[in-house]
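Scroll down for the structure; my scribbles are underneath it.
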Amino acid sequence: MRHQISGADNGLEEYCASTNIDCYHSSDYGLSYNADQHFFSKAGFDVGLSYGWQRLIPLQVLSDFRNGVFGWHGSAFEFPNGRGRSTINWSIRLGASQIFHNCFRYSDEADAGALFETKQFEFGPSEDVIDVLQLAKRHVFGSSVRLLDAIERKTLRLTPQPVGAFTTLPKLSESDGWLQLSVMTLRQAINITRSCSSPFPGAFLTIDGLKVLRIWKMKPAGEGPRLAASKLSVSDAGTVLIGFNDGVGEVIELDILSEGLLLQPGCVYAMD
């Protein structure tokens with residue numbers, strides 16, 4: 001596969017076959033091929049629902065749906081701000097505690113279409129990206145039903161987004177999960193770890209530029225442990241601690257990426 005989406009369900013085709021749902025394979029992710037555009041122009045769809053599609057849908061395809069194509073987008077910033085990529089990940093990474101989750105009609109500009117509804121929900125400082133995605137998914141389920149009902153009843157009302165300046169968030173990649181112990185605060189590192197935990201690639205630590213540990217979950221170690229910045233220690237009980245300039249993090253879940261790193265109890269390791 002040329003396109004990898006974190007958390008994507010690769011069993012969709014099998015599910016469609018088992019439930020007698022027609023499944024169309026696009027020729028191109030951008031839906032720019034003639035075969036794709038011909039399919040949508042001939043299908044005569046009433047409405048489209050898009051979830052997890054990471055490309056702009058061409059206006060020619062959008063126009064083939066009588067009521068348009070609708071999708072969802074959430075970030076810590078209220079539309080028109082917070083457009084762009086990896087926006088829920090960014091929201092956690094920036095230390096936000098709320099998400100504005102929007103159901104809106106697609107246009108030929110990214111995240112700029114008219115709004116059907118917005119749900120604001122809060123989450124705690126220990127919740128990971130999977131927890132926030134579950135909150136977003138619940139809104140997707142509910143708003144889908146309300147949207148289709150409004151279309152059927154001919155009561156659909158959309159609100160245009162404000163025009164003018166807005167913020168756009170850039171795409172995050174696996175490399176953005178690097179925990180740089182000497183220059184990051186403990187809170188920054190915890191938020192980064194929360195933002196890229198499963199189903200995303202996870203945070204990581206390096207030694208001499210090589211990835212040696214994948215960090216999936218971490219919390220403040222409290223007032224007791226003391227550890228110099230850029231050091232990792234393993235207690236006699238097997239607890240893994242990481243030192244930052246302003247505190248110590250306790251690793252809750254990790255994977256070892258380097259066969260040479262044994263993480264033996266009582267040992268201290270120097271990280272980048």
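Couple of notes before you dig in:
- Burial order of peptide ranges 15-28, 134-147 (average beta-carbon count within 10 Å, highest first): 134-147, 15-28
- Helix 129-153 vs. the chain, principal-axis angle (Cα, 0 to 90°, nearest 10): 10
- Whole-angstrom gap from the range 132-190 to the range 201-272, using each part's C-alpha centre: 31
- Most mobile of Trp90, Trp178, Trp53 in a GNM of the chain (Cα contacts under 10 Å): Trp53
- Applied to the range 100-111, the Karplus parametrisation 6.51 cos²θ - 1.76 cosθ + 1.60 on θ = phi - 60° returns per-residue 3J(HN,Hα) values of 9, 10, 10, 9, 8, 8, 5, 10, 7, 10, 4, 6 Hz, with x for Gly and Pro.
- Residue-normalised accessible area of the chain, given per residue in Å² at a 1.4 Å probe: 55
- Note on the chain: GNM, Cα springs under 10 Å; of Glu14, Glu250, Glu127, the largest mean-square fluctuation is that of Glu14.
- Classified by the C-alpha gyration tensor, the range 36-189 has a prolate form. Its axis ratio a/c, with a ≥ b ≥ c, is 1.5 or above, and a/b is larger than b/c.
- No Cys partner within the rule (Cβ under 4.7 Å), the chain: Cys103, Cys196, Cys267
- Ligands, DNA and RNA left out, the 1.4 Å accessible surface of the chain is 52% carbon and sulfur atoms.
- Residues of type lysines that Lys219 reaches as a straight line, Cα spacing below 22 Å, ignoring anything fewer than 8 places off in the same chain: Lys211, Lys231
- Using alpha-carbon coordinates, inclination of helix 34-43 to the longest axis of the chain, degrees: 60
- Helix 186-195 and the longest principal axis of the C-alpha atoms of the chain enclose an angle of approximately 40°.
- With both labels modelled 7 Å from their Cα along Cα-to-Cβ, the Ile130 to Ser175 distance reads 2.7 nm.
- Residue among Ile88, Ile207, Ile130 with the largest mean-square fluctuation in a Gaussian network model of the chain, springs linking Cα atoms under 10 Å: Ile207
- A straight Cα-to-Cα reach below 14 Å connects Lys119 with the aspartates and glutamates Glu78, residues fewer than 8 places away in its own chain not being considered.
- In sequence order, calculated HN-Hα J values of the range 230-247 (Karplus, 6.51, -1.76, 1.60; Hz; x Gly/Pro): 6, 10, 10, 10, 10, 6, 4, 7, x, 6, 9, 10, 10, x, 10, 4, 10, x
- Cβ-derived FRET efficiency at R0 45 Å, Arg153 paired with Cys23, nearest 0.05: 0.95
- Distance between the 7 Å Cα→Cβ label points at Leu261 and Ser235: 2.0 nm.
- Pairs of Cα atoms nearer than 8 Å and 6+ residues apart set the relative contact order; for the range 127-272 it is 22 percent.
- Antiparallel DSSP beta bridges within the chain, as percent of all bridges there, nearest 5: 85
- Rounded to the nearest 20, the Cβ-based charge dipole of the chain about its Cα centre (Lys and Arg +1, Asp and Glu -1) stands at 580 debye.
- Counted residue by residue at 0.36 nm each, then reduced by the alpha carbon distance between them, the extension gain from Asp272 to Trp53 reaches 75.2 nm.
- Residues of the range 226-266 with amide N under 19 Å of the 7 Å Cα→Cβ point at Arg214: 240, 251-263
- Solvent-accessible surface (1.4 angstrom probe) belonging to Phe79, in square angstrom, nearest 10: 20
- Ranked order, Tyr29, Tyr51 - accessible area, probe 1.4 Å, largest first: Tyr51, Tyr29
- Excluding same-chain neighbours fewer than eight residues apart, no aspartates and glutamates are reachable from Lys137 by a Cα-Cα span under 12 Å.
The values are calculated or read from the model by the stated rules, or taken from the named source; none is laboratory data. Just so we're clear, the structure is a prediction, and the values are computed from it rather than from any experiment. Backbone-built Cβ (ideal geometry, glycine too); neighbour counts: all protein chains shown. These accessible areas exclude ligands, DNA and RNA; they are computed on the full protein's heavy atoms, side chains included. Shrake-Rupley method; radii C 1.70, N 1.55, O 1.52, S 1.80 Å.
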